[in-house]
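Novice: One structure is given below, represented as structure tokens, and several questions about it will come after.
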Amino acid sequence: MSRNPHRDAFDRALGRLSAGFWTVVDAERFESDTGTGGLLSLPGDLAGRFGPDGALLGDVAIRCRGGVAPMLQSAFAREGLVLALPERGPGDGGRYAAAMAEPRAWEDGAVGPEEWTAVCPAGGRTSDLCRITGAFDRLAGHGYIAEPALWPTTSGCWEHVRGRTVDGRPPRAVFWNTQSHDACFDPRGDLADELYVHWAGDRDLIAEALAGTGLEVEVPGSEGHAFVVRPVGHIGWDAEVDVVLESAGAEWARVVRAVRRVASGLGILEARELVRNAPKPVLENVALSTAAAAKEALEAAGATVAVERSRAGRGRPGGAWSGTAV
């Protein structure tokens, strides 16, 4: 009987990790070797979590000690598997800061490496991280150094790229650093914010590969600027946005007055024309905080309002590709 790729993919992910920083150990060593980082311990009944055909039937909890969690999560994603990391607590500054501070603390003998648990869930649902790493693997097939969560800092990532580039050849690479990973992905690997992908090589080829993820991709206008990958419709805190009046509702006159308050300098006739011809933008290319206040005022008057990323922003050099690959 042919095996479902889940078990094979799981074993390949462990192989990736074992070839790097991580070591898979039995439960006894994991319990006793508390001063060593980069240890992974699998459930004793691991085989029972997979069906006769290799399909993943039950969640697999992996005990981890020390190490950089984004690198672990990315290794599983490259095999098409979701690996859910621990939830962040309130006020948690993120795993990145802890990962950077932890090795120094080990060296000082102040603390041992932290223990935590990651879970490979059954159910077959994929993640944004799986889709993006799939695009990276397609680029690797074109000779690119394609590495998610390559190193904690961008400068360190470029050092790795240069070290792996054949002398005399221009680099071809796509990557992001572990700090970006920690800030942009939720615990199961779905994008929650804008991910900046650094690159060198054929911009159009990279854009085509990333567009195949189904996420929204902002293509840089020139070298030296990163690709931006975001959930479709996502608005970052520093984005410039438009406030669009979609409908005036029943209180037409109240909405006209609210439009005039929000869009200072707009005459009564202009405000009436705008409301009559909704959907229409009331404000364009403004800060998110300004848009939020305007939306609140218009909705208080009975209007239906949408806040969208600025059309002017979407028109800047490079543009955005969204959905399927071109």
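The values are calculated or read from the model by the stated rules, or taken from the named source; none is laboratory data. Given the structure is predicted, the values throughout are model-derived calculations rather than measurements. Cβ atoms come from the backbone with ideal geometry, glycine included; neighbour counts cover every protein chain shown. All accessible areas refer to the heavy atoms of the entire protein, side chains included, with ligands and DNA or RNA removed. Shrake-Rupley method; radii C 1.70, N 1.55, O 1.52, S 1.80 Å.
Novice: Accessible area per residue of the chain at 1.4 Å probe, in Å²?
Specialist: That works out to 49 Å² for each residue.
Novice: Let me ask another. Just checking my list (i) 27, 46, 23, 4; (ii) 34, 54, 12, 0; (iii) 33, 60, 7, 0 against P(r) over Cα pairs in 20 Å bins from 0, in percent computed from this structure; which label fits?
Specialist: Identified label for the calculated read-out: (i).
Novice: Quote the relative contact order of the chain in percent (integer), defining contacts as alpha-carbon pairs under 8 Å separated by 6+ residues.
Specialist: Result for the chain is 14 percent.
Novice: Per residue of the chain, what 222 nm ellipticity follows from adding -39500 (n - 2.57) for every DSSP H run with n ≥ 4, rounded to the nearest 500?
Specialist: -10500 deg cm²/dmol, from helical runs alone.
Novice: With unit charges on the beta carbon (Lys/Arg positive, Asp/Glu negative), name the residue among 283, 262, 239 whose Cα is farthest towards the positive pole of the charge dipole of region 239-295.
Specialist: 262
Novice: Also, I was wondering about something else. What is the percent carbon and sulfur in the accessible area of the chain, measuring with a 1.4 Å probe over the protein chains and ignoring ligands?
Specialist: 51 percent
Novice: Taking the Cα centre of the chain as origin, work out the dipole magnitude from +1 charges on Lys and Arg Cβ and -1 charges on Asp and Glu Cβ, in debye rounded to 20.
Specialist: Value, rounded to 20: 900 debye.
Novice: Moving on. Counting pairs of alpha carbon atoms under 8 Å apart in space and at least six apart in sequence, what relative contact order in percent does region 128-225 give?
Specialist: Over region 128-225, the number comes to 31 percent.
Novice: Among 73, 133, 210, whose Cα sits farthest toward the positive end of the charge dipole of the chain (+1 at Cβ of Lys/Arg, -1 at Cβ of Asp/Glu, about the Cα centre)?
Specialist: Of 73, 133, 210, it is 210.
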